[in-house]
1. From the list I393, I408, which one is within 16 Å of ligand 1 (Cβ to nearest atom) and either of a type outside the set (A, V, I, L, M, F, W, C) or in contact (Cβ under 8 Å) with a residue 40 or more places away in the chain (or both)?
2. Of everything in the stretch 95-104, what is assigned to a helix (DSSP H, G or I) and in contact (Cβ under 8 Å) with a residue 12 or more places away in the chain? Give them in sequence order.
3. Condition first: hydrophobic (A, V, I, L, M, F, W, C) and in a loop (DSSP other than H, G, I, E, B). Now tell me which residues in the stretch 233-270 satisfy that.
4. Taking only the stretch 121-166 into account, find how many residues are of a type in the set (K, R), buried (at least 24 other Cβ atoms within 10 Å of the Cβ) and either more than 17 Å from V67 (Cβ to Cβ) or within 16 Å of ligand 1 (Cβ to nearest atom) (or both).
5. Within the stretch 205-214, can one find any residue that is assigned by TED's automatic domain parsing to the domain that holds P312, in a loop (DSSP other than H, G, I, E, B) and among the hydroxyl-bearing types (S, T, Y)?
6. Would you tally the residues in the stretch 105-120 being within 16 Å of ligand 1 (Cβ to nearest atom) and either within 18 Å of W446 (Cα to Cα) or part of a loop (DSSP other than H, G, I, E, B) (or both)?
7. Identify all residues within the stretch 388-416 that are in a helix (DSSP H, G or I), within 16 Å of ligand 2 (Cβ to nearest atom) and not hydrophobic (A, V, I, L, M, F, W, C); write none if there are none.
8. Which residues, taken from the stretch 153-174, are in contact with a helix residue (DSSP H, G or I) (Cβ under 7 Å, 6 or more places away or on another chain) and of a type in the set (D, E)?
Amino acid sequence: MEAVEKYLSDNAGRNIEELKQLLRIPSISADSKYASSMTEAAEFVRKQLADSGCNAEIVETAGHPIVFGSWTNKPGAPTALVYGHYDVQPPDPLDEWVTPPFEPDVRDGNIYARGATDDKGQMYTHIKSVEAWLKTVGELPVNVKFIIEGEEEVGSDNLDKFLEENKEKCACDIAVVSDTSQYAPGIPAITYGLRGIMCCEVTLHGPNQDLHSGVFGGSITNPVNALATLIGKLIDEQGNIQIPGFYDDVIPLTDEERAAFAALPFKEQDYMKSLGVSATHGEAGYTTLERRWGRPTCDVNGIIGGYTGEGPKTIVPAKATAKISCRLVPNQTEPKIVESLEKFLREQCPPGLKLEFNHWHGCPAVVCDLNSPYMSAAKSAIEKGFGTAPVLIREGGSIPVVGTFKEILGVDTLLLGWGQNTDNLHSPNEKFSLEAFQQGTRSSAWLWNELGGQ
Ligand code: BES
Ligand code: MN
């Protein structure tokens, strides 16, 4: 391990320069204008894997390509499957970035760029740790496989098919994903649970075109007013979601879990301050961490409707749309939630409007085994890489593939997040700490050692 660690510190500067190259590629999966950047990013990752000493190939899909890599020359040793994603969220609003999203900039110990933490920077730590082993020791203590996809931020639709059709190729003992966060600065974490998600869109159609609000206003239902009323009915003042049956399948948090969450350092005041809000709010009877990690939600992500340009315009708009997502907790199933939400919206929809409902994508929540030998290996690796033992947490975000790994490959996932939730993921000025990059890479190198049982 000494040689591996020395290699990592000797090459720290080069690793950052290479990461910057990857961050310069605008691989925005949601926007078809960037299709060629998607191929470019995939090829960059493939070459990095190949240069590190792995076999590496591009696998075409119906959507963006998947990069598959492997080093499996250690028969009898466990196999770890590293998953990450090279696609990023759209960078908007652009004018809020201090430096442009695809021109990585290092300042105050962080690298700023879209994808810095989610997930290019985090994913990259595992490629660099494998490189360090193969360039120094010449072999790894475990077998490793890599799946680096380009559609995580749009629901991973084509990945499931790839896994289904390549079970043997992807076979492993444990999956490893660095796409979550540390608990707080200086407190690394292993995430053992994630919420699931359901994403949909509802449109209310009124008159066949926008109408003069003086001539026609008051005589027909205004779709924007009606949409506001409708989404206002989703949650009551105590923060309880009003969709019938919504909580039916929810597995409540155990007393042990609630106690473990409560034992984590958490200051409500600091949390509010960091978010710029004067109060926290959510489902009555739960703490902020419980609401974020262990309770389901229903959020409107955006509203589109009517005149939104400068100055006044007096109309009754023809239609209005809301994008809605629900975060799910263990045992809630996405199809059931979609069905009950659609039913609720249709029942509550006022007369004279036509309701159109579209369901996008989703995935179930996951909770991983806290007592596996892999979990112990990860704890020990992080302790060595960070110099501090990790805390065990759940997270509120979703990583669709984690459920799929369990379902199709039959394995748990180690969620080893090197980022911070304050790294502005999905927001302007996304960043990743250079120190975390180094600590994460070191922990990853140790992970191969600990999983190999040496
Ligand atoms: N890396 C995030 C998920 C995450 C972030 C988990 C922080 C825990 C802590 C991931 O890339 C992401 O944003 N996922 C989407 C999934 C969705 C598009 C299906 C999410 O959670 O919104
Ligand atoms: Mn991510």
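1. Working: I408 fails: within 16 Å of ligand 1 (Cβ to nearest atom).
Within the list I393, I408, the selection yields I393.
2. Here is the first cut: in the stretch 95-104, the ones assigned to a helix (DSSP H, G or I) are 95-96.
Once the filter is applied, which keeps residues that are assigned to a helix (DSSP H, G or I) and in contact (Cβ under 8 Å) with a residue 12 or more places away in the chain, the stretch 95-104 yields only E96.
3. Initial filter on the stretch 233-270 (hydrophobic (A, V, I, L, M, F, W, C)): 234-235, 241, 243, 246, 250-251, 253, 259-264, 266.
If the condition is that a residue be hydrophobic (A, V, I, L, M, F, W, C) and in a loop (DSSP other than H, G, I, E, B), then L234, I243, F246, V250, I251, L253, L264, F266 are the ones that fit.
4. First, pick out the residues of the stretch 121-166 that are of a type in the set (K, R): 128, 135, 145, 161.
Still in the list and also buried (at least 24 other Cβ atoms within 10 Å of the Cβ): 128.
When the remaining residues are screened for being either more than 17 Å from V67 (Cβ to Cβ) or within 16 Å of ligand 1 (Cβ to nearest atom) (or both), the result is none.
Here the count works out to 0.
5. Quick first cut of the stretch 205-214, residues assigned by TED's automatic domain parsing to the domain that holds P312 only: 205-214.
Filter once more, so that each one left must be in a loop (DSSP other than H, G, I, E, B): 206-210, 213-214.
Next cut, among the hydroxyl-bearing types (S, T, Y) only: 213.
Scanning the stretch 205-214, I find at least one residue that is assigned by TED's automatic domain parsing to the domain that holds P312, in a loop (DSSP other than H, G, I, E, B) and among the hydroxyl-bearing types (S, T, Y), so the answer is yes.
6. Pass one, the stretch 105-120, residues within 16 Å of ligand 1 (Cβ to nearest atom): 113-120.
Still in the running and either within 18 Å of W446 (Cα to Cα) or part of a loop (DSSP other than H, G, I, E, B) (or both): 113-115.
Count: 3.
7. Start the filter on the stretch 388-416 by keeping residues that are in a helix (DSSP H, G or I), which leaves 400-409.
Next, from what is left, pick out any that are within 16 Å of ligand 2 (Cβ to nearest atom): 400-405.
Passing the criteria: P400, G403, T404.
8. D160, E164
The values are calculated or read from the model by the stated rules, or taken from the named source; none is laboratory data. Only a predicted model underlies this, so the values are computations on that prediction, with no experimental measurement involved. Using ideal geometry, Cβ is built from the backbone for each residue, glycine included, and neighbour counts are taken over all protein chains shown.
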